[in-house]
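Note sheet for the following structure.
None of the figures in this text is laboratory data; all of them are computed from the coordinates on show. A quick note: this is a predicted structure, and the numbers were derived from the prediction, not measured. Cβ atoms come from the backbone with ideal geometry, glycine included; neighbour counts cover every protein chain shown.
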Amino acid sequence: VYDFKYVKANSIKEAEYILSHEPDSILLAGGMTLLPVMKQRLLAPKMLIDISSINRLIEIDQSEDFIEIGSMCTHFTVASSKNVRHHLPALAFLANNIADAHVRYKGTIGGSLANNDPSADYPAALVGMGGVIVTNLREIKAEDFFLGMFTTALEKNEIIVKLRFSLGISSSYQKFKHPSSGYAFCGVWISKLAIDEYRVAITGVYPCVQRWKEVEKNLRSNQNQEIFMSSKIDRADIFTTHDSTILYKEQLMRILGQKAFMEIM
Ligand SMILES: Cc1cc2nc3c(=O)[nH]c(=O)nc-3n(C[C@H](O)[C@H](O)[C@H](O)COP(=O)(O)OP(=O)(O)OC[C@H]3O[C@@H](n4cnc5c(N)ncnc54)[C@H](O)[C@@H]3O)c2cc1C
């Protein structure tokens, strides 16, 4: 690792101040991605700003209409929160199936979203449920947040503060894991937003999370699981690895989509 300075911010304002005054600074959340990337010398920030002591970032609040999850909540916290388990069980399930226990205890929901790995799980939930990313500067709809592989709408001095999810949406998440990392080969999130309105978000298949709009359209007129087998798939941007092909990913989308749909029927 190249030399760097480390500071602990005690408030969002302080973190924002350091970020805007130190050009080569970067936020440190759980460090599960940032530290390995620095060890591999793919990134050499001059200063790490640790935001793990900012109490506001680890709160989970519930109102009549929403649950808001602080960005520094670990996957373990999300998976074990009584509120999340009760109101957003699919999100708790998703968090509990990320990686291994070590990563779940250290990795955070905010870090995962900011990183926007093409195979990360949370982006599917955010887009699938129409969640909102609340930062120190503004509120960003999930749909406008994920721009491409490891790219988001976040600006240099922007800090994810919390994630907002509406209550009363029935959802399911199905994922086929890579056996070594636990990352999604393919993950399908489905939410029922109204009687004949479904939202389907795919992770692990495209450069970043993407809605399967054809299946959403077809489900409006025919709420049958067979729709997942017959709906057209946008193949142009499917990425493959040495252990997967386009056809393989397509089949995963269809089968996992069916499973997810049947769970909320
Ligand atoms: C072995 C392994 C297996 C994994 N498997 C999975 C998996 O199955 N599914 C999955 O979804 N993920 C998986 N991950 C990713 C992991 O879950 C973490 O969520 C991810 O590494 C980033 O979270 P972090 O809190 O560690 O962030 P960090 O590594 O600390 O930061 C990552 C990036 O986000 C930025 N950042 C962090 N917090 C904020 C914030 N509040 N506002 C703005 N920017 C911020 C940082 O500056 C940095 O650029 C895996 C990771 C490892 C190492």
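Per-structure values
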quantity	calculated
Rg over Rh, two decimals, the range 1-126 (C-alpha only, Kirkwood Rh)	0.99
Contact order normalised by residue count of the chain, Cα under 8 Å, 6+ apart, percent	15 percent
Directionally averaged shadow of the range 53-119, computed from the convex hull of its alpha-carbon atoms, nm²	4.8 nm²
Extension gain from F4 to S80, taking 0.36 nm per residue of separation minus the Cα-Cα distance	23.9 nm
Two-site label geometry, Y105 and N157: point separation in nm, points 7 Å out along Cα→Cβ	3.8 nm
The range 1-41: trypsin sites (Lys or Arg not before Pro) falling in loop per DSSP and having at most 15 other Cβ within 10 Å	R41
Per-selection Kirkwood Rh - the range 52-174 (Cα, Å, 1 d.p.)	14.2 Å
For C73, distant residues with modelled amide H under 5 Å away	I109, G110
Sum of -39500 (n - 2.57) over DSSP H runs of 4+, divided by residues of the chain (222 nm, nearest 500)	-9500 deg cm²/dmol
Cα radius of gyration and Dmax for the range 198-243 (Å)	11.8, 38
Within a Gaussian network of the chain (alpha carbon springs, distance under 10 Å), most fluctuating of Q251, Q174, Q210	Q251
Long-range HN-HN contacts of S170 with modeled amide H, under 5 Å	K192
Length added when fully stretched, M265-M229, from 0.36 nm per residue minus Cα-Cα	11.3 nm
Angle between the chain longest axis and helix 12-21 axis [Cα atoms, degrees, rounded to 10]	70 degrees
J(HN,Hα) series, the range 210-223, from Karplus relation 6.51 cos²θ - 1.76 cosθ + 1.60, nearest Hz, glycine and proline x	9, 6, 9, 6, 5, 5, 4, 5, 5, 5, 5, 9, 8, 8
³J(HN,Hα) computed for each position of the range 114-129 - Karplus, 6.51 cos²θ - 1.76 cosθ + 1.60, integer Hz, glycine/proline x	5, 6, 6, 5, x, 10, 6, 8, 4, x, 5, 5, 4, 6, x, 9
Low-density loop cleavage sites - trypsin sites (Lys or Arg not before Pro) in the range 163-265, where at most 13 other Cβ are within 10 Å (DSSP)	K232, R235
Largest-first ellipsoid semi-axes for the range 131-185, taking √(5λ) over the Cα gyration tensor eigenvalues, angstrom	25, 18, 10
The chain: Cα Rg divided by the 2.2 N^0.38 Å rule of thumb	1.01
Volume of the Cα convex hull of the range 187-265, divided per residue and given in Å³	77 Å³
Pairs from K39/K192; K82/K141; K177/K213 whose Cα-Cα separation, in the structure shown, is over 31 Å	K39/K192
Approximate spin-label separation Y17-D61, in nm, with each point projected 7 Å along Cα-to-Cβ	2.3 nm
Whole-Hz couplings from phi, Karplus 6.51/-1.76/1.60, listed for the range 162-175; x for Gly and Pro	7, 10, 10, 10, 6, 8, x, 9, 8, 9, 8, 10, 10, 9
Label-point separation, Q251 to D24 (7 Å along Cα→Cβ), nm	4.9 nm
